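Written out below as structure tokens is the structure these notes cover.
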Amino acid sequence: MQEVIDCYFHLNKKSSVAMEDGKKYHDEIAENINLYNTLPPYMDFKATFLTPKTEHSVVVPYNEICDIKGVFDCLDEPNLYEWKTGVSDSLEWARTGQIPLYFLICELAGIPVDLAYLVRHNQHEKKTDYAIIHNSQKLRDKARNICDSVCYDIFNYFSEQGLI
């Protein structure tokens, strides 16, 4: 629960060499998209951006006790792009709840999104791979299940502790 509190109140932000390295690449990618509407050449992924919004933050009401916030690496309707770096490949990242949660946020915000490209660049091996994740009711339901399984416990704990 302490990690949830730290996250909610932006306390004790964790960092590591890998996280700092990832942030550096992430910033370079966003800058390249913002300046040139393309990815840096080292990404070795062909994408044509029309109206990209990098680091696009969206907050939506979810239920009577909480909102959900997502910060999309790049939203270029009807596509989402999520950038990853390091040794975990795109398929490992594709199995997490992050993209389903982003699809749910888009649905609740009325943002039309058909699919997400999860693009991972391994800066150590200088290789890029990607996964395409199609938006579906099943994935949005998965995200709802994740939210419903934690939000009430978090709300009750925060209330009991006088944090909200």
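Values in this text are rule-based calculations from the coordinates and carry no lab data. Every value quoted in this text rests on a predicted model; they were computed, and no experiment measured them. Here the Cβ is made from the backbone with ideal geometry for all residues, glycine too, and neighbour counts use every protein chain on show.
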Completion exercise
In the neighbourhood of H10 defined by beta carbon distances under 15 Å, the net charge of the other residues (Lys, Arg +1; Asp, Glu -1) is +1
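Using only the Cα atoms, work out Rg/Rh for the chain, with Rh taken as the Kirkwood radius, to two decimals. Write down the numbers at each step before the final one.
Details: Rg = 16.9 Å, Rh = 17.1 Å.
Rounded to two decimals, Rg over Rh is 0.99.
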Handout entry: GluC sites (Glu not before Pro) within region 1-66: DSSP coil, no more than 15 neighbouring Cβ in 10 Å
Key = E64
Exercise for the section: Take a quick pass over the chain and tell me how many lysine pairs come in under 21 angstrom between Cα atoms, counting only ones 8 or more apart or on separate chains. Expected result: 28
Handout entry: Per-residue [θ]222 nm for the chain (sum of -39500 (n - 2.57) over DSSP H runs n ≥ 4, rounded to 500)
Key = -13500 deg cm²/dmol
Fill in the blank from the handout: So, over other residues within a Cβ distance under 10 Å of E77, counting Lys, Arg +1 and Asp, Glu -1, the net charge is -1
Handout entry: Summed residue charge, Cβ within 11 Å of E55's Cβ, Lys/Arg positive, Asp/Glu negative
Key = -2
Problem - Per-peptide average of other Cβ atoms within 10 Å, ordering 119-128, 7-16 highest first - result: 119-128, 7-16
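Provide the gained length on full extension for the span Q161 to C66, in nm with one decimal, where the gain is 0.36 nm per separating residue minus the Cα-Cα distance.
The Q161-C66 span can extend by a further 32.5 nm.
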